[in-house]
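Heads up, the thing below is written out as structure tokens.
The values are calculated or read from the model by the stated rules, or taken from the named source; none is laboratory data. The structure presented is a predicted model; accordingly, all values stated were derived computationally and were not measured. Cβ atoms come from the backbone with ideal geometry, glycine included; neighbour counts cover every protein chain shown. Note: areas computed on protein heavy atoms with side chains; ligands, DNA, RNA excluded. Shrake-Rupley method; radii C 1.70, N 1.55, O 1.52, S 1.80 Å.
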Amino acid sequence: MLLDAMLAAQQAHADMPALTAAVAAARAAHLAQRAAVQEFVRSHPPLLPAGQSLSGSDAEAVQSVMAGQPTADLLQALQRLHAAGGAAQTGAELADALRKQLAAEKAAADKAATEAAAAKAAAEAAAAAAKAAAEAAAAAEA
């Protein structure tokens with residue numbers, strides 16, 4: 001049993017450097033994303049009033065809206081919010097505005113998908129009706 005415990009401890013210890021490196025890389029990516037969000041907001045008034053910077057905790061709130069998404073996707077969402085005239089007085093308001101913008105975009109995409117499915121179904125029904133009419137006409141001639 002002691003040998004098994006020692007082997008298990010050795011394996012766990014051998015994996016620790018890889019785990020430590022993975023955690024460090026994830027943290028570095030998170031901090032880089034936060035810095036990118038802060039810089040984007042600073043350079044794109046009126047997301048926040050000119051001269052007002054986004055605090056670290058407010059940047060975290062903005063990041064949490066799209067948690068797990070690549071930095072490029074988050075910056076594109078902020079760009080769309082900026083292009084739509086989004087403006088906030090605080091970081092919390094900015095995170096809320098981004099959340100609302102994304103919800104509106106999702107609702108519009110869902111509506112478009114529903115309309116496209118309905119149009120496809122109508123086209124298929126019209127094609128089936130035309131085929132049935134053609135078959136009936138052919139049968140009447142025969």
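Does GLU124 satisfy being open to solvent by 50 Å² or more (accessible area, probe 1.4 Å), assigned to a helix (DSSP H, G or I), acidic (Asp, Glu) and closer than 24 Å to ALA26 by Cα? When the stated conditions are applied, GLU124 does not pass them.
Within segment 59-68, the only residue that satisfies the criterion of being surrounded by 15 or more Cβ atoms within 10 Å (Cβ to Cβ) and in a loop (DSSP other than H, G, I, E, B) is MET66.
Could you say whether any residue in segment 101-122 is under 29 Å from LEU47 (Cβ atoms) and among the β-branched types (Val, Ile, Thr)? No, segment 101-122 has no match at all. Being touching a Phe, Trp or Tyr at 6+ places or on another chain (Cβ under 6 Å), open to solvent by less than 60 Å² (accessible area, probe 1.4 Å) and assigned to a helix (DSSP H, G or I) is a property that LEU78 has.
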